[in-house]
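Worksheet: one structure, shown below.
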There are 2 protein chains.
Amino acid sequence: MTVAAYAVRMTTNADEPQPRPRRRAPAGAAVLREDVTEAIRAAVFEELAAVGYARMSIEGIARRAGVGKTAVYRRWRSKLHLVLDLVSAIAVQGLPAPDTGSLEGDLRLLYEVTSRALRHPVASQILPDLQAEAARNPDIAEALRKALREGQDGVAKGIVAAAETRGDLRPGTDHALALDLISGPLYWRSVVIRSPKLPKGYLGALARATAAALKAL
Amino acid sequence: MTVAAYAVRMTTNADEPQPRPRRRAPAGAAVLREDVTEAIRAAVFEELAAVGYARMSIEGIARRAGVGKTAVYRRWRSKLHLVLDLVSAIAVQGLPAPDTGSLEGDLRLLYEVTSRALRHPVASQILPDLQAEAARNPDIAEALRKALREGQDGVAKGIVAAAETRGDLRPGTDHALALDLISGPLYWRSVVIRSPKLPKGYLGALARATAAALKAL
DNA sequence: GGGCGTCGGAACGCAACCGTTTCGTCGTGA
DNA sequence: TCACGACGAAACGGTTGCGTTCCGACGCCC
């Protein structure tokens, strides 16, 4: 499941500080109930977006999920494990590599997907938060790095490689710099500047400019 | 005082969890003592880098600064006011606009300055943290936006304008997009990827590629 | 020279979480 | 049919920070 997918489901019940109506619904059996697990997962995303990793508490998660603390501790040993598990889960799903036949076309497609994911406030709230936390916690940093490598960065790498074999880029192109040029601007605009909406034609112009930059390497 | 300057001073005594030896040094007079104020300011930076805004506590700041909580509360009403004050103070000092006569040269100079500032771990730790917090707190967002406008973004804007009048860029250039192209990649590399060290020639190549991107707009 | 106000220190009551334990309930798989 | 174990709820003692209020010490400014 993608971040975006989580975000969509979340918008239905995010930001409810008060206790859920859910009343002691069904009780359990001798097996961890998947619906409870899922409720916790969703609650973590909501909580993460609402208060951030540092302020997030197990009690708060359980409260929001409408479950007992025990249900959480039965599954994860700590807040850290919980978040690492979620981030890793997101990292698993690889994005399909675009193949339009041209560098600019590939970039355009990548930007389309990326900007759609970043458009969800939840994603763009959680991302910088985990990113800041990563500066202090190597485990989070590693998980995030992995997620990035298998997502945005992986796709970008594929695009560069394809363009290189195609002859659109010089063979000696600095790949690391290329990835920075590709991923930087949209992240800056969406997450740092936090521009609410990208103007019409922005992604196209961005793709064109970036392609030009890469060819100048 | 710049972030970098703070960073330098900080490296001397950051990450000392234990109580300072400082023993009930001099007592005060009927005036706020500037050295105490400065000690608090420095402590806030250290604390911000060490634990982040969310986890930062007034008690922790006072402890680190070797002062009483009262000294802090006497100056600022809350953690938020304290941080806003600091961010604003940084925002005040404008960077000088580069003027090398060429777009690429100007960019190169800007990157030199920016990367030097971001090289300090303290700055690159504090930045994403405040940035994440800004997503939740409009006041912080505003302060950060202002600091950015008077810093990196302001300089970039000047560079674009100069290039435009010089004829290096087309008159109709999308300024917002131009700023994203200029600022995004280095931020991505330094703060998101957290690359410890930029390889030789990186900034030059980045400036060249970015200039090419801008000219393609 | 004296008073005002800051200094660090300590304590206040309050609140939130921590991680664990105990409890009665209850559904499911053997 | 029935025991196992997950369920929500509540409470445990401990820690941390909140924001405020005292306190005695001290020294700058009038």
- Using +1 on the beta carbon of Lys and Arg, -1 on that of Asp and Glu, and nothing else charged, what's the dipole of chain B about the Cα centre, debye to 20? 760
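Say R0 is 45 Å: what FRET efficiency, to the nearest 0.05, do A:Val31 and B:Thr100 get from their beta-carbon distance? Don't jump to the answer; show the numbers that get you there.
Working: r = 69 Å, r/R0 = 1.53.
After rounding, the FRET efficiency stands at 0.05.
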- Task: Would you be so kind as to identify which of A:Val87, A:Ile193, A:Leu217 lies farthest towards the positive end of the dipole of the protein assembly as shown, taking Lys and Arg as +1 and Asp and Glu as -1 on Cβ and the Cα centre as origin?
- Result: A:Val87
- Query: Across chain A, how many lysine pairs separated by 8 or more positions, or lying on different chains, have Cα atoms within less than 30 Å?
  - Reply: 11
- Task: Taking chain B as the reference, fit the longest principal axis to its C-alpha atoms, fit the long axis of helix B:79-92 to the helix C-alpha atoms, and give the angle between the two in degrees, 0 to 90, nearest 10.
- Result: 40
- Message: Charges on Cβ only, +1 for Lys and Arg, -1 for Asp and Glu, centred on the Cα centroid of the protein assembly as shown; of A:Thr70, B:Leu103, A:Ala141, which one is farthest towards the dipole's positive end?
- Response: A:Thr70
- Using 7 Å Cα-to-Cβ label points, what is the B:Glu59/B:His175 separation (nm, one decimal)? 4.9
- Which semi-axes, in whole Å and largest first, does the equivalent ellipsoid of the stretch B:94-215 have when worked out from the alpha carbon gyration tensor as the square roots of 5 times its eigenvalues? 25, 18, 12
- Kindly express, to the nearest 10 degrees and within the range 0 to 90, the angle between helix B:103-119's C-alpha long axis and the longest C-alpha principal axis of chain B. 20
- Cβ-based net charge around A:Arg77, under 15 Å, with every Lys or Arg adding one and every Asp or Glu removing one: +2
- Message: Within 10 Å of each Cβ in B:54-66, how many Cβ atoms from other chains are there, averaged over the peptide?
- Response: 1
- Say R0 is 45 Å: what FRET efficiency, to the nearest 0.05, do A:Asp85 and B:His81 get from their beta-carbon distance? 0.75
- Item | Test item: Cα-centred dipole of the stretch B:94-215, Lys/Arg +1 and Asp/Glu -1 on Cβ, debye | 460
- Message: Pairwise over distinct Cα atoms, reciprocal of the mean inverse distance: report the Kirkwood radius of chain B in Å, one decimal place.
- Response: 19.1
- Message: Give me the base-10 log of I(q)/I(0) for the stretch B:161-204 at each q in 0.27, 0.32 Å⁻¹, Debye formula, one uniform scatterer per Cα, rounded to two decimals.
- Response: -0.92, -1.09
- Task: Give the relative contact order (percent, whole number) for the stretch A:94-215; include only Cα pairs under 8 Å separated by 6+ residues.
- Result: 38
- Net dipole in debye of the protein assembly as shown [+1 Lys, Arg Cβ; -1 Asp, Glu Cβ; about Cα centre; nearest 20]: 1260
- Message: Under the convention of a label 7 Å out along Cα→Cβ, give the distances in nm from B:Arg74 to the same position in every other copy, shortest first.
- Response: 5.5
- Message: Just to confirm the number: angle between the C-alpha axis of helix B:121-134 and the first principal axis of chain B, 0 to 90 degrees, nearest 10?
- Response: 90
- Could you give the distance between the Cα centres of the stretch B:165-194 and the stretch B:53-113, to the whole Å? 24
- Which of A:Pro138, A:Pro121, A:Pro98 moves most in a GNM of chain A, Cα contacts under 10 Å? A:Pro138
- Item | Percentage relative contact order, chain B, counting C-alpha pairs under 8 Å, at least six apart | 23
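Please compute, for peptide B:205-215, the average count of beta-carbon atoms on other protein chains lying within 10 Å of each residue's beta-carbon. Write down the numbers at each step before the final one.
Numbers: counts 7, 7, 0, 3, 12, 7, 3, 8, 12, 3, 4.
The mean count of partner-chain Cβ atoms within 10 Å per residue comes to 6.
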- Message: In 20 Å bins starting at zero, report the fraction of Cα pairs in the protein assembly as shown per bin as a rounded %.
- Response: 24, 52, 23, 2
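Quick note: the coordinates plus some simple rules give every number you see, no bench work behind them. Please read all numbers here as calculations on a predicted model, not as lab measurements. All Cβ positions, glycine included, derive from the backbone under ideal geometry; neighbour counts span all protein chains shown.
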